[in-house]
Amino acid sequence: MELPWHTRTIYTSLSSTFTSLILFLTTSPSFFLCCLSIDEQGLALLSWKQTLNSSTDALESWRSSDPNPCRWFGVTCNSKLQVISLSIKSSNLQGPLPSNLQPLKSLKTLVLSATNITGPIPREFGDYHDLAFVDLSRNQISGDIPAEVCKLSKLESLALNSNSLRGAIPANIGNLSSLTYLTLYDNSLSGEIPASLGQLQKLEVFRAGGNQNLKGSLPAEIGNCSSLAVLGLAETGISGKLPSTIGLLKGLQTIAIYTALLSGTIPDELGNCTDLTKLYLYQNSLSGPIPPQIGDLQNLQSLILWQNNLVGSIPPELGRCKQLVLVDLSMNLLTGSIPRSIGNLANLEQLQLSTNQLTGVIPQEISNCAALTDLEIDNNELSGVIQIDFPKLENLTLFYAWQNRLTGSIPASLAQCRNLQSVDLSYNNLTGSIPKELFGLQNLTKLLLLSNELSGFVLPDIGNCTNLFRLRLNGNRLAGAIPAEIGSLTNLNFLDMSNNLFAGPIPAAISGCDSLEFVDLHSNALTGGLPESLPKRVQFIDVSDNRLTGPLNPGIGSLPELTKLVMGRNRLSGQIPAQLASCSKLQLLDLGDNSFSGGIPGELGQLPALEISLNLSCNHFSGEIPTQFSALEKLGCLDISHNELSGNLDVLAALQNLVTLNVSFNAFSGELPDTPFFRKLPLSVLEGNHGLFITNGPATQEPQSRATISALKLAMSVLISVSAVLLLAAAYLLLRARAVPSGEADDTWEITLYQKLDFSVDDVVRSLASANVIGTGSSGVVYKVGTSNGGTLAVKKMWLSSESGAFRNEITALSTIRHRNIVRLLGWGANRSTKLLFYNYLPNGSLSGFLHRSGKAPVEWESRYEIVIGLAHAVAYLHHDCVPAILHGDVKAMNVLLGPRFEPYLADFGLARVLSGGDTGHKLECVRFGAEYASMRRITEKSDVYSYGVVLLEVLTGRHPLDPSLPGGMHLVEWVRDHLQRKRGAVDLLDGRLRGLPDHQTQEMLQALAISVLCVSARADDRPMMKDVVAMLKEIRRPENEQPKDSSAGCAAAATPVRKVELRGSSNCSFAMSDYSS
């Protein structure tokens, strides 16, 4: 039956109200929870659960139907059903810390570690009065440490490490009188360590490393923490002296204050810390001597003081620390001899004394360190004969003594160290032969003996070193044949035996070196030819300057990875095998100065990667240039001079990237190609081809019989030309003085493009406004210009004062070379008054702007490393892969442009020029280019090396070369030199934004700093070549599987530092300084 309308209305209204009530009850947690039977402890925990955003099942057991939370996950109760512990680890809770746990009146333990907790520490924590253990580590907690935490008088352990906490350590931290464990490391805390810390007499562990903004000195009150066992302040801004009160801490076991700003001397009182086992004070600015009281530390196991400014001798008292396992005093200013008492350290495994000023002989007593695995004494001034009794060191795996003044022979007893893996004795004065016993070391991977005075033979026993990876014997006086047994070295990757007296053939067995990639045998007396078969992985072969004979074996074409083949200055003959075209990755081919004959195979024109150089000069090639050569579009240098070639040069007109060309002394004929490149070729590269001519006359010199007439005609022509030029110039100046200024174009535009571009030159000119300026250089101003198709160009308008020479320089240099780190010239345009260069637009501006103006410089070392090594590759390409070499002349951060991923591009070639014997110097800016620019000495590639060194310093220090804040008006190079001469810590030179990085990265930066110092040496002869700079930079970067595992600064405060022996700075220098590839 249908209800009356008023009854239906009342029913509908009641139904709606009831529905709303049900909805409220089911969606209101507080109302819902208060109506359940669970106790108030459970209510508080459930209320906190409601604030979490987690979808994890970790808290699935937290049910409101339970009478209490005692059976919930992470909850522990006592016999009275009072919650005493809330402990949840490694769960994804996603939410804030609880601020409502006051009902948990008996809560003693609160552990929420690695639970993705965010937000600040609630001030309500001060209300949890019974808390004894708090662990909130490894979360994303932010904000300050609230002062209310310091009201927890029963607190024994507080772990807040590995969060994002800011602000200062609370000043009243000393109120936590029961505290035994305090870890604050890996946060962003600032301020100073409060003096009230000294009130914590029960404190055993204090670790606050990894807070880079933690400043000030370690308070003297630390000496009152009488129970302290671990003190960790690594990778902080802690400065000043270590307080002498540290000697009051009799129970101290670990001091880890490394990569900080400590200065002053190591206090003598440290000798009172008789329980000390680990002393890590490396990478500071500590000065003065190592106190002899260090010998009182009878329990000391690790002493790591590397990279400070410590002076004086190594105290003999160190020999009393019988428990020592690791001693690293490298990269200081220590003098005197290595104390003989070192031999008392029977447990010593690693002794690292590299890069000091130690003198005298290597003490024979080191032989008593029977546990020794790593001995590194390189980069000192040690002399005399190596008299170590190596048979006693049966555990030795690494021995570095390079860059000393050692004499005598390599002791054969070294081979009795059967576990030996790496030996570097390079850059000494060692004589005699290489002991054959060394070649019996099955574990040896690196044998580096370069630049000594070794003689004798390399014996067949070398084949027993089956694990050998790197063998460098270059720069000695070794003779005899290269033993065929070298083919047994299947793991050999790098072989350099150049600059010796080796004779006989290259052994065919070398094909057995399956892993070989680099072979350098140049400058010996080798005979025969290249073996028929070579390792398939080989990339670089240099056998130049030998006595090789016979034809080039066709088997050379079976090397798919070959990039550089250098065989010049030999006696090779026959024809070039067409199979060479199968080397599809070949970039450089040098067969010059041999006796090859026949035609040049057209297959060479099919080498797609041939872009650096092709040298076929000084041979007996005949016939015409193959038409296939027109496909060598990437080729930069071509030398086919001094042959018997004929025909015309038309095929070369297609080689758009040519930088240098030499076709002299052949039998070429016909008209020269009418291209800008050929129009600017000097006559010297064309002479000796009497049939060549250009439209207006011969391209080469007349025969001798007509020389006198030609000379007279030339003289008359010069006089007439000069007179005409003077008259025209005078007329032009007179007309210009009377002319009315006009805004119209002076002349029509001449445009040359090296790739297809869609733009109007008039549109480009209209865009050359001040609002579009993106940079300036030595030769012009650069504008950002949009094109009609939506693209963007960088257009350089040359300065009027330098446009002619600089304009030609840039076109000459950039129109023909191709390198991934050199800016690409797209074309140019010119009329009577304006000269423009068109480049790819690079969005991130210059390196200088990026470092000093934008505030966006990459903090990570990885980005900076890629920039500096990319720039080094670019400069090395100009110096070593371009023939003749190109001097850039203006390497600076402003001329290094950054691409979309911050990849570097060297730009501004306005001062660039091809180097030749007739070059003379410019007087340019001494700050950037070195002393030879300030004087009128001849400028060489070493000037670019100096400039590169300044850029490298700029990247490492973050300072402009003319930074006005540097003291005394010094420029950057002077400041760095002064800093190092004053024996201050090198780490202080690094950009503050690079502090606190993993230890192996810090080591890479410091080694890069050492390379930069080499580059800016006052004497040009002391600077390395750019190819060696590249090799050194490569060597400081270890392969991924050799990098140490990242460890937080705080973790390292109580454990052995990340810096393992195989990654330590001094031994890395062994590769950077002696083991670089040529």
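So that you can scan it fast, the table gives a plain yes or no per residue for (1) under 21 Å from residue 274 (Cβ atoms); (2) under 32 Å from the mean Cα position of the chain (by Cα); (3) in contact (Cβ under 8 Å) with a residue 24 or more places away in the chain:
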{"position": "294", "(1), (2), (3)": "yes, no, yes"}
{"position": "300", "(1), (2), (3)": "yes, no, yes"}
{"position": "303", "(1), (2), (3)": "yes, yes, yes"}
{"position": "309", "(1), (2), (3)": "no, yes, yes"}
{"position": "316", "(1), (2), (3)": "yes, no, yes"}
{"position": "327", "(1), (2), (3)": "yes, yes, yes"}
{"position": "331", "(1), (2), (3)": "no, yes, yes"}
{"position": "334", "(1), (2), (3)": "no, yes, yes"}
{"position": "337", "(1), (2), (3)": "no, no, yes"}
I'd like the full set of residues that are open to solvent by 10 Å² or more (accessible area, probe 1.4 Å), under 16 Å from residue 274 (Cβ atoms) and within 37 Å of the chain's Cα centre (by Cα), limited to the range 231-253. 253
Out of the range 256-278, which residues are in contact with a helix residue (DSSP H, G or I) (Cβ under 8 Å, 6 or more places away or on another chain) and assigned to a strand (DSSP E or B)? 256, 261
Scanning the range 611-640 for residues that are surrounded by 20 or more Cβ atoms within 10 Å (Cβ to Cβ) and either in a strand (DSSP E or B) or under 33 Å from the mean Cα position of the chain (by Cα) (or both) gives 611, 612, 613, 614, 615, 621, 635, 636, 637, 638, 639
Matching residues in the range 390-405 (closer than 18 Å to residue 347 by Cβ and over 34 Å from the mean Cα position of the chain (by Cα)) number 3
Does the range 167-191 hold any residues that are touching a Cys at 6+ places or on another chain (Cβ under 9 Å) and assigned to a loop (DSSP other than H, G, I, E, B), and which are they? 170, 171, 172, 176, 185, 186
If the requirement is being buried (at least 16 other Cβ atoms within 10 Å of the Cβ) and over 19 Å from residue 46 (Cα atoms), which of these qualifies: 70, 150? 150
Mind listing whichever residues of the range 451-485 are farther than 20 Å from residue 506 by Cβ and open to solvent by less than 10 Å² (accessible area, probe 1.4 Å)? 454
Taking only pairs six or more apart or across chains, which ones have beta-carbon atoms under 6 Å, a first residue in the range 126-142 that is buried (at least 22 other Cβ atoms within 10 Å of the Cβ), and a second residue that is at pLDDT 95 or above and assigned to a helix (DSSP H, G or I)? none
Hits in the range 363-384 - residues which are part of a loop (DSSP other than H, G, I, E, B) and surrounded by 23 or more Cβ atoms within 10 Å (Cβ to Cβ): 369, 372, 377, 378, 379, 380, 382
Subset of the range 754-770 that is open to solvent by 70 Å² or more (accessible area, probe 1.4 Å) and not in a loop (DSSP other than H, G, I, E, B) - its residue that is modelled with the lowest pLDDT: 770
Mind listing just one residue for me: the one in the range 413-450 that is among the basic types (Lys, Arg) and within 35 Å of the chain's Cα centre (by Cα) and, of those, least open to solvent (accessible area, probe 1.4 Å)? 446
Please state which one of 605, 529, 592 is within 21 Å of residue 621 (Cβ to Cβ), open to solvent by less than 10 Å² (accessible area, probe 1.4 Å) and in a loop (DSSP other than H, G, I, E, B). 592
Residue list for the range 1014-1044, restricted to those being part of a loop (DSSP other than H, G, I, E, B) and modelled with pLDDT of 80 or more: 1016, 1017, 1018, 1019, 1023, 1024, 1025
Considering each residue of the range 386-403, count those that are in contact with an Asp or Glu (Cβ under 9 Å, 6 or more places away or on another chain) and open to solvent by 10 Å² or more (accessible area, probe 1.4 Å), and give that number. 4
May I ask you to verify whether residue 886 is at pLDDT below 80, open to solvent by less than 10 Å² (accessible area, probe 1.4 Å), more than 17 Å from the chain's Cα centre (by Cα) and not basic (Lys, Arg)? no
For the range 854-873, state whether one or more residues are open to solvent by less than 10 Å² (accessible area, probe 1.4 Å), touching a strand residue (DSSP E or B) at 6+ places or on another chain (Cβ under 9 Å) and modelled with pLDDT under 85. no
Go through the range 955-997 and give me each residue that's in a helix (DSSP H, G or I), in contact (Cβ under 8 Å) with a residue 24 or more places away in the chain and over 28 Å from residue 334 (Cα atoms). 955, 993
Is it the case that residue 84 is without any contact (Cβ under 8 Å) to a residue 60 or more places away in the chain and open to solvent by less than 20 Å² (accessible area, probe 1.4 Å)? no
The listed residue being within 19 Å of residue 462 (Cα to Cα), open to solvent by 10 Å² or more (accessible area, probe 1.4 Å), free of Cβ contacts under 8 Å to residues at least 40 places away in the same chain and aliphatic (A, V, I, L, M), out of 495, 501: 501
Identify, please: which residue in the range 639-677 is at pLDDT 90 or above and of a type in the set (Phe, Trp, Tyr) and is, among those, nearest to residue 613 (Cα to Cα)? 665
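The values are calculated or read from the model by the stated rules, or taken from the named source; none is laboratory data. Everything quoted here is computed from the prediction, not taken from an experiment. We place every Cβ from the backbone using ideal geometry, glycine too, and count neighbours over all the protein chains shown. Just so you know, the surface numbers come from the protein's heavy atoms only, side chains and all, with ligands and any DNA or RNA stripped out. Shrake-Rupley method; radii C 1.70, N 1.55, O 1.52, S 1.80 Å.
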